[in-house]
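Below is one structure, written out as structure tokens, with a few remarks after it.
The values are calculated or read from the model by the stated rules, or taken from the named source; none is laboratory data. It should be emphasised that the depicted structure is a prediction, and the values quoted were computed from it without experimental measurement. Virtual Cβ from ideal backbone geometry, glycine too; neighbours counted across all protein chains shown.
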Amino acid sequence: KIGELEIVNYLHKKGIDTARQEIIEGLTTSPKYISPKYFYDQAGSELFEAITKLDEYYPTRCEMEILSTLVNQLDISLYDLDIIELGSGDSSKIKTLIGPIPPHILSTINYYPVDISQSAITKSIEDIIQLHNFNSITGIVTDFLHSFDYMPRRRHRLFCFLGSTIGNLSTVEAKDFMQKIGEVMDGGDALLLGADMVKDITVLERAYNDDKGVTAAFNKNILKVVNRHVDASFEISDFEHWAFYNKDEQRIEMHLKAQKDINVQLRAANQVIRLKKGETIHSENSHKFTVNQLEALGHNGGMQIKKVFSDDKGWFSLAYYIK
Ligand code: AVJ
């Protein structure tokens, strides 16, 4: 039996103008930046999947190791549960999480993947429906920061925000996010939050500077996405990938560094921007956390950590919060 299946898109109407405005804003301010959510077009999503398989990129492997034996250690009833996965991407994480759940229980669970990419949601649902007999699957296409109005409310819920996507947010945005999710949660609901932990700088920097240059290609691909959104004239070969650990801010920063003086047309804004040789466009922050910080994050949303699950090396954690 294949359950109900639906995809709702809350993005397409206002999303396109907002994206254009947001990108122009970031490129015409100083220092220049592009939001990391624009990495994930089709090519970018594929490059990210390739990153997750690199020797140097440990977070996905560590998280999967934890996820594979986790579900029975959560003290939440799996019967009639709604699982809401914010930033679901490909379906690999949820598949690993639900692996140990027997079919007669899974068939009472509703799954709600939420992602900004319609193609990612479609692909992951097609994938998951082959193998797993959820009661229903409802894909929600929207920016996870604005997804809270579209949440199901009738049954008890497990919110999942995996992959250390929270690391992309600024400290203030992460607080806001936890506060918002805390407002949506009722007693009996739970949150599973994936977070990459502070560790040796060499390990961190290698993970974002792989030998094959996949991360470099992923970083540069964002310029192609920007070219389409704002009809711009970025040449990828004019830029170099630059990633390093900023210890004070406790984060990996990724930038694109201009290799020479460049003029770039932003036709959608009827503007030309100038970059000096060596000037950078900041494309991503990837914050690293301590257990104390994960606890503090929960308190922003009135939540308590029930347990922190970590891999053998303690490199990645899944914090389990209840309200
Ligand atoms: C998907 C945001 C968790 O920050 O490690 C991987 C994205 N950037 N390599 C991360 C990413 C460069 C990734 N997140």
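When residue 72 is tested against the conditions (1) touching a Ser or Thr at 6+ places or on another chain (Cβ under 6 Å); (2) more than 29 Å from residue 241 (Cα to Cα), the lone failure is (1).
No other residue among 213, 182, 163 is at positive phi, out of contact with any strand residue (DSSP E or B) (no Cβ under 6 Å at 6 or more places or on another chain) and either in contact (Cβ under 8 Å) with a residue 12 or more places away in the chain or of a type in the set (D, E, K, R) (or both) apart from 213. I'd like to know if the range 259-275 contains one or more residues that are in contact with a His (Cβ under 9 Å, 6 or more places away or on another chain) and either surrounded by fewer than 18 Cβ atoms within 10 Å (Cβ to Cβ) or part of a strand (DSSP E or B) (or both). Yes: one or more hits. In the condition set (1) in contact with a Lys or Arg (Cβ under 9 Å, 6 or more places away or on another chain); (2) assigned to a loop (DSSP other than H, G, I, E, B); (3) under 19 Å from residue 168 (Cβ atoms), residue 278 is compliant with all but (3). Of all the numbered requirements in (1) closer than 30 Å to residue 207 by Cβ; (2) surrounded by 15 or more Cβ atoms within 10 Å (Cβ to Cβ); (3) touching an Asp or Glu at 6+ places or on another chain (Cβ under 9 Å), residue 71 misses one, and that requirement is (3). Mind checking whether some residue in the range 148-157 is modelled with pLDDT of 90 or more, within 16 Å of the ligand (Cβ to nearest atom) and surrounded by 15 or more Cβ atoms within 10 Å (Cβ to Cβ)? Among the residues of the range 148-157, not one is modelled with pLDDT of 90 or more, within 16 Å of the ligand (Cβ to nearest atom) and surrounded by 15 or more Cβ atoms within 10 Å (Cβ to Cβ), which makes the answer no.
Residues in the range 287-304: is at least one assigned to a strand (DSSP E or B) and touching a Ser or Thr at 6+ places or on another chain (Cβ under 7 Å)? Within the range 287-304, none of the residues are assigned to a strand (DSSP E or B) and touching a Ser or Thr at 6+ places or on another chain (Cβ under 7 Å). Close contacts from the range 281-294, counting a first residue that is farther than 13 Å from residue 250 by Cα and away from the ligand (no atom under 12 Å from the Cβ) and a second that is in a strand (DSSP E or B) and basic (Lys, Arg), with Cβ to Cβ under 8 Å and a gap of 6+ residues or different chains, come to 281/32; 282/32.
When residue 138 is tested against (1) closer than 28 Å to residue 308 by Cβ; (2) in a strand (DSSP E or B), only condition (1) is not met. In this structure, does residue 115 turn out to be surrounded by 17 or more Cβ atoms within 10 Å (Cβ to Cβ) and charged (D, E, K, R)? Spelling it out, residue 115 is indeed surrounded by 17 or more Cβ atoms within 10 Å (Cβ to Cβ) and charged (D, E, K, R).
Entry remark, the range 180-194: residues being outside any helix (DSSP H, G or I) and either buried (at least 16 other Cβ atoms within 10 Å of the Cβ) or touching a Ser or Thr at 6+ places or on another chain (Cβ under 6 Å) (or both) number 7 in total.
Quick grid of which residues meet (1) among the acidic types (Asp, Glu); (2) near the ligand (Cβ under 10 Å from one of its atoms):
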site	(1), (2)
166	no, yes
170	no, no
177	no, no
184	no, no
205	yes, no
208	no, yes
213	no, no
222	no, no
226	no, no
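Scanning the range 230-266 for residues that are out of contact with any helix residue (DSSP H, G or I) (no Cβ under 7 Å at 6 or more places or on another chain), charged (D, E, K, R), more than 16 Å from the ligand (Cβ to nearest atom) and more than 30 Å from residue 290 (Cβ to Cβ) returns 235, 238, 261. Can residue 144 be described as without any contact (Cβ under 8 Å) to a residue 60 or more places away in the chain, out of contact with any Pro (no Cβ under 8 Å at 6 or more places or on another chain), buried (at least 17 other Cβ atoms within 10 Å of the Cβ) and not acidic (Asp, Glu)? Against the criterion (without any contact (Cβ under 8 Å) to a residue 60 or more places away in the chain, out of contact with any Pro (no Cβ under 8 Å at 6 or more places or on another chain), buried (at least 17 other Cβ atoms within 10 Å of the Cβ) and not acidic (Asp, Glu)), residue 144 qualifies. Kindly check whether there is at least one residue in the range 220-233 that is among the charged types (D, E, K, R) and either more than 20 Å from residue 20 (Cα to Cα) or touching a Lys or Arg at 6+ places or on another chain (Cβ under 6 Å) (or both). So far as the range 220-233 goes, yes, one or more of its residues are among the charged types (D, E, K, R) and either more than 20 Å from residue 20 (Cα to Cα) or touching a Lys or Arg at 6+ places or on another chain (Cβ under 6 Å) (or both). Contact annotation: residue pairs with Cβ atoms under 7 Å, 6 or more positions apart or on different chains, pairing a residue in the range 239-256 that is farther than 12 Å from residue 215 by Cβ and among the hydroxyl-bearing types (Ser, Thr, Tyr) with a partner that is part of a strand (DSSP E or B) and within 13 Å of the ligand (Cβ to nearest atom), are 245/252.
Within the range 1-26, being at pLDDT 80 or above and in contact with a Phe, Trp or Tyr (Cβ under 6 Å, 6 or more places away or on another chain) holds for one residue alone: 26.
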